[in-house]
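*Asks:* One structure, pasted below without further comment.
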Amino acid sequence: MLRLKSLATLSSFKITGLILIIIMVVVPPALRDPYLLHILTLGSIYAIFAMSWDILMYTNQLSLGHSFFFGLAAYSTALFNSSLRMHPILAIIAAVAITAIVGLGLSIPFFKLRGAYYALGMAGLAKIATLTVTAYSDITGGEEGIRGITPLTTDHVGNYYIALATMLASLIFLYYTAEHSRFSLIFRAVRDDEVAAKCLGIVVHKYRLLCLVLGSAFAGLGGAVYATYLTIVNPNAMAIIPTTALVVTMGMVGGVTTIIGPALGAYLIVFLDSFFRVAENIRLLAYALTATLILLLLPGGIIRYAIKAANYLIREVRS
Amino acid sequence: MPLLEVRNISKSFGGLKVIKGVSFNVDKGELIGIIGPNGAGKSTLFNLISGVYHPDAGSIIFKDEDITKMEPYDLVKKGLARSWQIVRPFRNLTVEENIRVAFYGVGFKDSLSERNRRLDEILQMTGLLQHREQLAKNLPLGHLKRLEVARAVATGAELLMLDEPFAGLRVDEIKGLMHLVTVLHSIGLTILIIEHVVRSLLELTRRVLVLHEGRLIKEGTPEEVRRDKMVIEAYLGEESEVA
């Protein structure tokens with residue numbers, strides 16, 4: 001397990017974070033490059049999604065079907081907006097509420113599942129949901145999906161700021177909950193040994209439920225913002241491949257159970273994906289190889305090395 | 001009224017009957033040992049009492065309340081805590097944090113200063129004060145065994161169930177831990193202890209239960225147990241040093 005505070009003093013950690021936030025707020029809009037803004041907007045949306053996957057890992061819930069929540073919220077937003085003519089902001093709120101409630105409901109069938117069984121159960125759920133939205137084409141548009149979702153704004157900079165602000169708010173909330181709230185200690189105990197935690201009075205399923213509801217709600221937030229940004233949603237948003245595969249890669253490349261790591265992983269993977277688009281024939285291979293190399297060469301994820309590098313730089317600047 | 005009453009409990013895993021109609025009582029303030037050869041069902045018995053498993057038949061009464069079907073987290077809050085034969089520390093938490101989990105688990109309503117005072121007291125008592133900031137995964141076995149006891153004590157337990165606390169320890173470590181058990185008993189804790197280091201257990205306790213193939217074959221003072229023919233045949237015969 002990686003504990004961020006053990007790698008960086010709090011002050012240098014805060015300084016690095018603040019510098020990064022300032023750069024992200026100021027630099028991309030100043031460059032006025034629509035493609036760069038698009039990549040960063042997608043990166044921010046996927047960062048929310050990756051952090052939502054990571055919060056589940058705090059209580060050992062490896063989800064291989066997390067795209068279910070992302071896609072459910074994306075479709076809910078699309079349907080609320082296109083069929084019920086709901087304002088996109090209200091559609092987003094309603095979609096997030098629905099995914100949170102569904103997450104709560106799923107805690108019942110998933111109550112006793114652990115490890116590979118839990119992971120496969122979630123994967124099965126995502127598969128069933130993907131087949132369902134594909135089959136009911138009169139409501140969901142089938143393979144084509146739903147088009148014409150009202151965007152929150154058509155301005156590139158506006159979209160970028162919306163995604164960035166949502167990502168930062170999610171990051172602060174999830175990071176505080178997972179690392180600094182009174183739940184933090186219990187999450188870490190449950191992750192290390194559920195049975196021992198139970199025998200010290202910890203009602204383990206309560207904390208697993210909390211993580212599942214948070215994970216589904218924030219995946220829903222990512223999915224809902226994704227739908228209003230791209231103004232289209234299709235079954236891929238819910239599918240294990242590519243969407244769950246993408247979020248798991250982001251989490252593992254970034255550094256599991258760190259919240260910030262998966263967010264960084266999301267930006268990196270989105271950048272890599274767009275970078276390799278110049279060679280479309282070998283894009284998937286190059287992308288998969290790079291992700292594999294990162295996993296092999298940087299065990300624990302890029303966050304560990306990013307913090308070490310930041311600490312080194314700050315020490316150099318101070319001296 | 002006994003603190004704990006185990007009434008005719010049985011437990012099977014598939015076709016294997018591991019506990020067969022075991023009954024015994026534990027009075028408040030007692031220090032009782034449980035011995036038996038490997039596979040006798042000692043740890044299963046602890047798992048049944050602590051709610052990790054539930055018995056197929058029989059009942060368990062703690063402080064006059066039927067706890068047979070209760071979950072471990074509820075039992076801890078009622079004053080029943082345990083340690084593990086194979087240590088189960090929260091490896092990525094410090095010693096201090098491991099103990100704080102127990103405070104959270106039982107939901108202590110004390111002030112922060114009171115909790116800190118209690119934490120220091122437990123660390124001092126268990127000899128872990130100097131290691132409070134160390135991650136559990138970096139501790140040697142002797143300290144981990146103490147941490148197991150420390151966490152159980154931190155729940156505010158009335159009945160402490162220690163599962164082979166001396167297993168795998170050096171002689172000096174066993175002596176230190178035996179002293180800790182004596183101290184805990186002297187401050188009023190009721191202690192039920194499973195042990196394979198029979199000599200140590202017979203020195204420590206006034207009453208011993210002997211399990212063999214899931215049955216309670218003898219209950220008595222260490223002296224009575226030492227001399228029992230059935231116990232010698234089933235178990236002590238193998239342990240030449242206790243004869």
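The values are calculated or read from the model by the stated rules, or taken from the named source; none is laboratory data. The model shown is predicted, which means the values in this text are computed figures rather than measured ones. Counting neighbours? That spans all protein chains shown, and the Cβs are built from the backbone with ideal geometry, glycine included.
*Asks:* Might you check whether a residue that is touching an Asp or Glu at 6+ places or on another chain (Cβ under 9 Å), within 14 Å of chain A (Cβ to nearest Cβ) and at pLDDT 95 or above occurs anywhere in the stretch B:111-124?
*Replies:* Within the stretch B:111-124 (the criterion being touching an Asp or Glu at 6+ places or on another chain (Cβ under 9 Å), within 14 Å of chain A (Cβ to nearest Cβ) and at pLDDT 95 or above), the answer is yes, since at least one residue qualifies.
*Asks:* For the stretch A:191-241, which residues satisfy the criterion of being more than 9 Å from chain B (Cβ to nearest Cβ) and of a type in the set (Asp, Glu)?
*Replies:* Within the stretch A:191-241, just A:194 meets the criteria.
*Asks:* Can you pull out the residues in the stretch A:90-113 that are of a type in the set (Val, Ile, Thr) and either surrounded by 14 or more Cβ atoms within 10 Å (Cβ to Cβ) or within 11 Å of residue A:215 (Cβ to Cβ) (or both)?
*Replies:* Start the filter on the stretch A:90-113 by keeping residues that are of a type in the set (Val, Ile, Thr), which leaves A:92-93, A:96, A:98-99, A:101-102, A:108.
Answer for the stretch A:90-113, where residues must be of a type in the set (Val, Ile, Thr) and either surrounded by 14 or more Cβ atoms within 10 Å (Cβ to Cβ) or within 11 Å of residue A:215 (Cβ to Cβ) (or both): A:92, A:93, A:96, A:98, A:99, A:101, A:102.
*Asks:* Scan the stretch B:65-83 residue by residue and report those that are more than 10 Å from every other protein chain (Cβ to nearest Cβ) and hydroxyl-bearing (Ser, Thr, Tyr).
*Replies:* Matches in the stretch B:65-83: B:68 only.
*Asks:* Another question about this same structure. Criterion first (within 19 Å of residue A:202 (Cβ to Cβ), in a loop (DSSP other than H, G, I, E, B) and either in contact with a strand residue (DSSP E or B) (Cβ under 9 Å, 6 or more places away or on another chain) or not small (Gly, Ala, Ser) (or both)) does residue B:103 satisfy it? Before you say what the answer is, go through the steps one by one.
*Replies:* Details: within 19 Å of residue A:202 (Cβ to Cβ): yes; in a loop (DSSP other than H, G, I, E, B): no; either in contact with a strand residue (DSSP E or B) (Cβ under 9 Å, 6 or more places away or on another chain) or not small (Gly, Ala, Ser) (or both): yes.
Spelling it out, it is not the case that residue B:103 is within 19 Å of residue A:202 (Cβ to Cβ), in a loop (DSSP other than H, G, I, E, B) and either in contact with a strand residue (DSSP E or B) (Cβ under 9 Å, 6 or more places away or on another chain) or not small (Gly, Ala, Ser) (or both).
*Asks:* Now for a separate question. Residues that are surrounded by fewer than 17 Cβ atoms within 10 Å (Cβ to Cβ), more than 17 Å from residue A:70 (Cβ to Cβ) and free of Cβ contacts under 8 Å to residues at least 60 places away in the same chain: does the stretch A:259-276 have at least one?
*Replies:* Among the residues of the stretch A:259-276, at least one is surrounded by fewer than 17 Cβ atoms within 10 Å (Cβ to Cβ), more than 17 Å from residue A:70 (Cβ to Cβ) and free of Cβ contacts under 8 Å to residues at least 60 places away in the same chain, which makes the answer yes.
Residues are listed down the side, and each one gets a yes or a no for (1) of a type in the set (Val, Ile, Thr); (2) crowded, with 20+ Cβ neighbours inside 10 Å:
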| position | (1), (2) |
| --- | --- |
| A:210 | no, no |
| A:238 | no, yes |
| A:249 | yes, yes |
| A:253 | yes, yes |
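*Asks:* Anything in the stretch B:151-209 that is of a type in the set (S, T, N, Q) and either part of a loop (DSSP other than H, G, I, E, B) or in contact (Cβ under 8 Å) with a residue 24 or more places away in the chain (or both)? List them, or say none. Walk me through it before giving the result.
*Replies:* Of the stretch B:151-209, the ones of a type in the set (S, T, N, Q) are B:155, B:182, B:186, B:190, B:200, B:205.
Within the stretch B:151-209, B:155, B:190, B:200, B:205 qualify.
*Asks:* Here is a follow-up. Exactly one condition in (1) buried (at least 22 other Cβ atoms within 10 Å of the Cβ); (2) more than 17 Å from residue B:216 (Cβ to Cβ); (3) more than 9 Å from chain A (Cβ to nearest Cβ) is false for residue B:33; which is it?
*Replies:* Residue B:33 satisfies every listed condition except (2).
*Asks:* Just one of B:6, B:26 is closer than 19 Å to residue B:217 by Cβ and out of contact with any helix residue (DSSP H, G or I) (no Cβ under 9 Å at 6 or more places or on another chain); which is it? Before the answer, list the steps.
*Replies:* Numbers: B:6 fails: out of contact with any helix residue (DSSP H, G or I) (no Cβ under 9 Å at 6 or more places or on another chain).
None of the other options fit; the residue is B:26.
*Asks:* Consider residue B:141 against the criteria (1) in contact with a Lys or Arg (Cβ under 7 Å, 6 or more places away or on another chain); (2) more than 8 Å from every other protein chain (Cβ to nearest Cβ); (3) aliphatic (A, V, I, L, M); (4) more than 27 Å from residue B:4 (Cα to Cα): it satisfies all of them except one. Which criterion is unmet?
*Replies:* (1)
*Asks:* Restricting to the stretch B:47-98, what's the tally of residues that are more than 26 Å from residue B:196 (Cα to Cα), assigned to a loop (DSSP other than H, G, I, E, B) and either free of Cβ contacts under 8 Å to residues at least 12 places away in the same chain or in contact with a His (Cβ under 8 Å, 6 or more places away or on another chain) (or both)?
*Replies:* Residues in the stretch B:47-98 being more than 26 Å from residue B:196 (Cα to Cα), assigned to a loop (DSSP other than H, G, I, E, B) and either free of Cβ contacts under 8 Å to residues at least 12 places away in the same chain or in contact with a His (Cβ under 8 Å, 6 or more places away or on another chain) (or both): 2 in total.
*Asks:* Checking residue B:86 against (1) surrounded by fewer than 17 Cβ atoms within 10 Å (Cβ to Cβ); (2) within 9 Å of another protein chain (Cβ to nearest Cβ), which single condition isn't satisfied?
*Replies:* If we test residue B:86 against (1) surrounded by fewer than 17 Cβ atoms within 10 Å (Cβ to Cβ); (2) within 9 Å of another protein chain (Cβ to nearest Cβ), just (2) comes out false.
*Asks:* A further question on this structure: Where the second residue is surrounded by fewer than 16 Cβ atoms within 10 Å (Cβ to Cβ) and the first is more than 14 Å from chain B (Cβ to nearest Cβ) and lies in the stretch A:157-185, which pairs have Cβ atoms under 6 Å and are six or more apart or on separate chains?
*Replies:* A:159/A:153
*Asks:* Name every residue in the stretch B:39-64 that is within 14 Å of chain A (Cβ to nearest Cβ) and over 18 Å from the mean Cα position of the chain (by Cα), in order of residue number.
*Replies:* Correct list: empty.
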